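To start, the structure itself, in structure tokens.
The values are calculated or read from the model by the stated rules, or taken from the named source; none is laboratory data. It should be emphasised that the depicted structure is a prediction, and the values quoted were computed from it without experimental measurement. Cβ: placed from backbone, ideal geometry, glycine included. Neighbour counts: every protein chain shown. Ligands, DNA and RNA are excluded from the accessible area calculation, which covers all protein heavy atoms including side chains. Shrake-Rupley method; radii C 1.70, N 1.55, O 1.52, S 1.80 Å.
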Amino acid sequence: MAETTTFTNATQILEPFRGVKRVTIEEYFTSGHRTCQGCESALVMKLMVKAAGPRTIVLGSTGCMYVANTTYYTTPWVVPWMHTQLGSSGSAALGTAAGLKALMKKGKMKSEPINVIAFCGDGGGADMGLGAISATLTHKEYNSLILLYDNESYANTDIQLSGLTPFGANTTFSPPGKAIRNIHTRWKKNVAGLLAAGHPECRYVATVCASYAVEMMNKVRRALTIGGPTFIHSLDPCPKGWDYDPMLSHELGELAIETGIFPLYEVEDGQVKYYGKTKAIVEGRARKPVREYLLKQGRFAHFIEDDLDYFQAKVDEMWNKWEIPAVVPFRRLDKTQAALSAK
Ligand SMILES: Cc1ncc(C[n+]2csc(CCOP(=O)(O)OP(=O)(O)O)c2C)c(N)n1
Ligand code: SF4
Ligand SMILES: [Mg+2]
């Protein structure tokens, strides 16, 4: 069939919400889910789709946000929703965006901007599905957003450690013991920095935290408006996996930012922009000590002073030694630095 002339591959223009009073009242992720009390990932789903609006398709890889949200015959999703395999959020995003584009181009469906959002957990996205996400971020002709909700474990299968689990955390794969206190001794992957640096044609990568809900929704709106493939990394406190009282979810999100452990930034067309309390840190506000965040969580209850010092030193390094603080960990060789300054 001949292509229609009306097709433009445009995105929806979603202006930022200017303050909480301007946020729309409609919900597209409602009652009917069975996540734990205080689950920030459920809040992320609600805010993500509220920001996107009704003309949106959501695709979700296996994990808590699939299993707890789609118990047989019930669902909180008001918009069209599809489950996809654990490592395939990238493929689902690309395939859906390409399918919509083809159908609209051929005139088989009305030509209109439809948001495509695929979400994945840290296990599904930063470990198993990294290759598919990477491929999707190179296909600049298709509009989709991949949102990684990071509860820092394979939570749905009972809290196994992932590549985004923090150093030393107690998980079912890394229980502290008498002989070895910290089984998990690797540092968390820098997933947003990795994807931003590695995909120069991806126009938008951001980090968010739902403790700052309006800012978080506005990053989703920006990603969908700018178009092409885009990526957002959300840090989501998880009462079950992190072992804390559910009433602390919001506070822990704030502390992750205030300690500098999780920076808030966006990279738009290659330009890094810090925002919120991270921006204040960049401009000179002191970071809170990491112990204020870590010691509120049972998963770090076995930490001794040496562990807290190590964690603090690694975070200090992110801020003091990285080429782009807390974003890009490269360091210039002195010679390169000198050669560049001489130009
Ligand atoms: C290929 C494959 N391996 C293992 C599983 C079992 N499984 C289902 S959900 C899940 C955990 C996924 O972790 P994550 O992506 O971080 O999402 P979360 O459960 O934390 O929300 C696992 C291992 C699966 N569904 N598919
Ligand atoms: S285990 Fe964590 S991510 Fe999963 S539903 Fe419970 S609080 Fe949410
Ligand atoms: Mg997870």
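Straight-distance candidates among the lysines for linking to LYS106, with alpha-carbon spacing under 27 Å and chain neighbours fewer than 8 residues away dropped: LYS140. Dividing the summed helix terms, -39500 (n - 2.57) for each DSSP H run of n ≥ 4, by the number of residues in the chain produces a 222 nm estimate of -9500 deg cm²/dmol to the nearest 500. For the pair ASP243 and TYR310, the difference between a 0.36 nm per residue extended length and the Cα-Cα distance amounts to 22.0 nm. For the residue pairs LYS240/LYS296; LYS240/LYS288; LYS273/LYS314; LYS50/LYS108, the alpha carbons lie more than 19 Å apart in LYS240/LYS288; LYS273/LYS314; LYS50/LYS108. Using Cα-Cα distances under 8 Å and only pairs 6 or more residues apart, what relative contact order does the chain have, in percent? Computed over the chain, the figure is 17 percent.
One decimal place: the segment THR71-LYS189 gains 39.3 nm when fully extended, by the rule 0.36 nm per residue minus the C-alpha distance.
Converting phi to 3J(HN,Hα) with the Karplus coefficients 6.51, -1.76 and 1.60 and the offset θ = phi - 60°, segment 103-119 yields 5, 5, 4, 7, x, 7, 9, 4, 7, 7, x, 10, 6, 10, 10, 10, 10 Hz in sequence order, with x at every glycine or proline. Only one residue of HIS83, ALA98, GLY123 has its Cα farthest out toward the positive end of the dipole of the chain, where Lys and Arg carry +1 and Asp and Glu -1 on Cβ, and that residue is ALA98.
Solvent exposure of LEU47, expressed as accessible area, is near 10 Å², computed with a probe of 1.4 Å over the protein chains only.
Of the GluC sites (Glu not before Pro) in segment 150-258, the ones in a loop by DSSP (not H, G, I, E or B) with at most 13 other beta carbons within 10 Å are GLU201.
Between ASP158 and LYS178, the FRET efficiency estimated from the beta carbon spacing at R0 = 22 angstrom works out to 0.45.
Each residue, ARG34 and ASN320, gets one label point 7 Å from its Cα in the Cβ direction; the gap between the two is 5.0 nm. Residue-normalised convex hull volume from the C-alpha trace of the chain: 160 Å³ per residue. Taking 0.36 nm per residue of separation and subtracting the Cα-Cα distance, full extension of the segment from GLU112 to ALA286 would add 57.9 nm. Contact order, relative form, for segment 189-230: 39 percent (alpha carbon pairs under 8 Å, 6 or more residues apart, mean separation divided by residue count). Loop-located trypsin sites (Lys or Arg not before Pro) across segment 230-330 with a Cβ neighbour count of 16 or fewer within 10 Å are ARG285, LYS321, with loop assigned by DSSP.
Relative to one another, the C-alpha centroids of segment 118-136 and segment 268-343 are positioned 24 Å apart.
For segment 71-214, relative contact order (Cα pairs under 8 Å, six or more residues apart, normalised by length) works out to 20 percent. Once backbone amide H atoms are built at 1.01 Å from N, VAL208 has HIS233, SER234, LEU235 as its partners under 5 Å, excluding neighbours fewer than 5 places away on the same chain. Cross-link reach is defined here as a Cα-Cα straight distance under 14 Å, omitting same-chain residues fewer than 8 places apart; for LYS279 the aspartates and glutamates meeting it are GLU215, GLU254, GLU258, GLU266.
Between ASP269 and GLU27, the distance separating the two model label sites (each 7 Å from Cα on the Cα→Cβ line) works out to 3.8 nm.
Using the charge dipole of the chain (Lys, Arg: +1 at Cβ; Asp, Glu: -1 at Cβ; taken about the Cα centre), state which of PRO239, ALA132, SER111 has its Cα farthest towards the positive end. Farthest towards the positive end: SER111. For the residues ILE324, ILE257, a 1.4 Å probe over the protein chains yields an accessible-area ranking, largest first, of ILE324, ILE257. Of the whole protein surface, SER144 contributes about 10 Å² of accessible area at a 1.4 Å probe radius. Rolled with a 1.4 Å probe across the full set of protein chains, the surface gives TYR212 an accessible area near 40 Å².
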